[in-house]
1. Quick check: pseudo-label points 7 Å beyond the Cα along Cα→Cβ at Asn64 and Thr232, how many nm apart are they?
2. Work out how much length Thr162 to Gln342 would gain on full extension: take 0.36 nm times their residue separation and subtract the Cα-Cα distance, in nm to one decimal.
3. Taking the convex hull of the alpha carbon atoms in segment 1-81, what volume per residue do you get, in Å³?
4. Determine the gain in length on full extension of the stretch Ala283-Gln2; use 0.36 nm per residue of separation and subtract their C-alpha separation, reporting nm with one decimal.
5. Can you list the residues, at least 5 places off or on another chain, whose amide H is less than 5 Å from the amide H of His237, using H built in the peptide plane?
6. Go through segment 4-19 residue by residue and turn each phi into a ³J(HN,Hα) via Karplus (6.51, -1.76, 1.60, θ = phi - 60°); whole Hz please, and just put x for glycine and proline.
7. Provide the per-residue ³J(HN,Hα) series for segment 345-359, in order, calculated from phi with Karplus coefficients 6.51, -1.76, 1.60 and θ = phi - 60°, each as a whole number of Hz, with x at glycine and proline positions.
8. By per-residue mean of other Cβ atoms within 10 Å, what is the highest-first order of 497-503, 196-202, 50-56?
Amino acid sequence: MQNTAYRFYRQMQENTATKYIPGVLASACELTEGAKCKKETEKELFQLHKSVSEYFVKNEGDKNTDILKIKTLLYAYLLQRDETCSIPPSLQPDMNFVLEHSHQLLNGLLNIVMEQRFVTSVMNVIEFSQLLTQGMWFHSNQLLQIPHVRQAELKYLNKALTASKCAGTPIEKAKELGGEERRKALRELSEEQHMDIDLFLAHFPDIEIMFDARVEDEEDVQEGDVLNLAVTIERKHLPEDPDWADSDDEDDEPDESMFEDELKQYEEGSEAYDEAKEKLMDAWRDAYFERAKKKREREKRRNPQSGELGFAAQPRNQPVPVHAPRFPFPRHEQWMVLLIDQKEPRRLIGYQKLTQNTRKEKVQLKFLAQKEGTLQYDIHCMCSAYVGADKKKTFKKTVLKKREEVAKTAAEVAEDEDDEEEAEEEEPEGKWYYLGGNSVTELILNIIALAIAGVMLFNFLYAKGWWQKFCQPLLDWLLKVSWPLISFIGQYTWPAWMWWSTNVYDFHHINFLFENLTVANVSNSSISLRRKNDTSFLNQDPFKQDIFAEARANL
């Protein structure tokens, strides 16, 4: 599927016409690998290609024989209704394989062009899906979808529709014409065939688009506001849904005018009036909460997986079957809601699929009102199975200039609130005598951290030789200058120090550290010259056997 997606992505452009989509679909790896060219069907494929080659349009993958075979089969299938060509029995299994997987691949192609916001390509992919389902050639008359209507019957039916002066699409005109007039126009058809036509027209999709656009908690729309467009699609050809309930049909707050008739018998302001009013208000609240409870139950039945976890919705009803006698596999209605900007260049603002298979379904489309002026968007509701069932409705909204007092966006306000909360949660400044901390514990941790950092810094400077060259002379000079003071203090602290180093902790390794500070520069008058530089204790380990002791003794 990854290679197929790459091929689709390479070939689809902003304004890819419908006639190029069969070639794009034919390049899918799943089709070319599953219906490869075979030597035993080479002759029949050549004859079929010859019969449809005059209708071909050039695609990028026409040089590949497997792609060319799939493209030939698709063209032959679309031209069958016009009796231009017929598919040989030897190629019929490959034809069925292509048709079985074609709509799944078309859904993938549709997702690719929708993600790229290609308006024309999105609509053309859906249009080709309609033609493929009904087995019709490009720009064919949509009346050919009606059962038992061919080119000969089409002429008589068009004459009757023109004489009736009905409004709407050809299918809507045929429905409005009525059964009697249709029977007069199509006299050659039997009564059983006319009943098939009546049944088809009764179940042909008839939809109505309703919408409501507003900004949450605002009366008007200003620059930078997020506009919430609620689109309700009613599919009138489906049965009524008893669980449908629009939240806008219910009152949110009690209105005192509802109780005027019940309170007429009481004097306003009296104790009895207040008691009666309070009882009515309690009854209204109970009824309101009961309605809300029933509404939640209805929503739960309509969408069993909806809830806090936000899983994808399960369809409320079974998919609606499609009348497609030429398509060899079952097909079901699929609807797509598109929001398109009318201004050039046209842009795909948003899209949603209808998933519930119910008579009424509501989808939410959110977008940003960017500039001051009038928004003019088209709401398209397109079906992937029937030609001529699509509907469009224009939606306009005035965007006002942003008021100065509302200079901050919702995101900025939220950010300011977060900053205020963080400022409140900040700890008080640390005390100097705790080395920047706020307690003795933090003081101890700071001392440990500084000690570790000091040792690491000393090791670095010593390894580079900078300590011996720059730091040690300075320390020697400071020691020489402060030695009288140290000697004076030392005569009082020396007994305690000796007791501590003897009984508590031995500091001889620290003495060694300072003894070796000036090894690189012996000319300095350093404290390290006053003691013997003995490092033998580093090699003395009471838990380790000295394997060289006997060798040294014999030398």
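Since every read-out is calculated from the coordinates, none of them should be taken as a lab result. Not measured: the values here are computed from a predicted model. Heads up, the Cβs are rebuilt from the backbone with ideal geometry, glycines too, and the neighbour counts pull from every protein chain shown.
1. My value for the distance between the label points is 4.8 nm.
2. Working: separation 180, 0.36 × 180 = 64.80 nm, distance 3.16 nm.
Contour length minus Cα-Cα distance gives 61.6 nm.
3. 97
4. The span from Ala283 to Gln2 would gain 95.0 nm if fully extended.
5. Under 5 Å from the amide H of His237: Asp206.
6. Those phi angles translate into 5, 4, 5, 5, 4, 4, 5, 8, 7, 10, 4, 10, 5, 6, 4, 5 Hz.
7. So the J values, rounded to whole Hz, are x, 4, 10, 8, 7, x, 7, 8, 9, 7, 10, 8, 6, 10, 5.
8. Those peptides, ordered most packed to least, come out 196-202, 50-56, 497-503.
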